[in-house]
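**Q** Quick one: the structure is below, questions incoming.
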Amino acid sequence: MSLHDEAVLVLKGYEDQEELRQAYLDHLAAHPDGVWKSCEAGHITASALVIDPSRGQVLLTLHKKLRMWLQMGGHCEPADPSLEAAALREATEESGVAGLALLPGGPVRLDRHPIPAPCHWHFDVQYAALAPAGAVEAISEESLDVRWFAYDEVAGVADESVVRLLEATRARL
């Protein structure tokens, strides 16, 4: 199964954010290349909020280009067999944390946001990843920093999309 077809199945099975979910499905129906960065109309991305519920903390990255504290995530790659695999790969690469495990149940949220030309939109499919006990983070080439934040600190450092992702993740837990 292609990543495009897998993304359609994942989104058809996602039961929240109906209007936005339909916009993702419409995008994929109109763009056979809609999961790839080369699709200038916009493309699917996959991200994961790294969370340690036992400590009440999340690990965020200070994005090098955007200079914002965000969850880990990025573009799908040809070797990714699924959106889950893409999200887990990105979370592992950007956090440096080995042994992450995605929360079961599929995506936690969807977040569509504009990006600079030549592309126009990221259609982000957002997951949550549990950090193993004693997780040690490392700064990747795509980050200026990675840091653990207590749940109640996130609203002070990150934008509303990250706050909503944390709220949805905590509800799922």
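The values are calculated or read from the model by the stated rules, or taken from the named source; none is laboratory data. Note that the coordinates shown come from a computational prediction; the quantities given were computed from them, not determined experimentally. Neighbour counts run over all protein chains shown; Cβ positions are idealised from the backbone, glycine included. Just the protein is used for accessible areas: all its heavy atoms, side chains included, with ligands, DNA and RNA removed. Shrake-Rupley method; radii C 1.70, N 1.55, O 1.52, S 1.80 Å.
**Q** Under 11 Å from the Cβ of VAL97, count the other residues' Cβ atoms, weight Lys and Arg +1, Asp and Glu -1, and hand me the total.
**A** -4
**Q** May I ask you to give the solvent-accessible area per residue for the chain, in square angstrom, as obtained with a 1.4 angstrom probe?
**A** With all protein chains present, the chain gives 48 Å² per residue.
**Q** Percent of accessible area on the chain owned by carbon and sulfur, 1.4 Å probe?
**A** Roughly 54 percent of what the probe reaches on the chain is carbon or sulfur.
**Q** Moving on to the next point. Please report the antiparallel percentage of the DSSP beta bridges confined to the chain, to the nearest 5.
**A** 70
**Q** Once you have the alpha carbon radius of gyration of region 20-158, what is it after dividing by 2.2 N^0.38 Å, with N set to its residue count?
**A** That works out to 1.03 for region 20-158.
**Q** Ranked highest first by average number of other Cβ atoms within 10 Å, how do 13-21, 86-94 line up?
**A** In decreasing order of mean packing, 13-21, 86-94 become 86-94, 13-21.
**Q** Related question: Cα centroids of region 118-173 and region 40-91: how far apart, whole angstrom?
**A** Distance between centres, Cα-based: 8 Å.
**Q** Report, in deg cm²/dmol and to the nearest 500, the calculated mean residue ellipticity at 222 nm for the chain, where each DSSP H run with n ≥ 4 adds -39500 (n - 2.57) and the sum is divided by the residue count.
**A** Roughly -9500 deg cm²/dmol at 222 nm, from the helical runs in the chain.
**Q** Continuing with this model, one more query. Need one number: nm distance between label points at GLN22 and LEU144, each 7 Å from Cα along Cα→Cβ, rounded to one decimal.
**A** About 4.0 nm, to one decimal.
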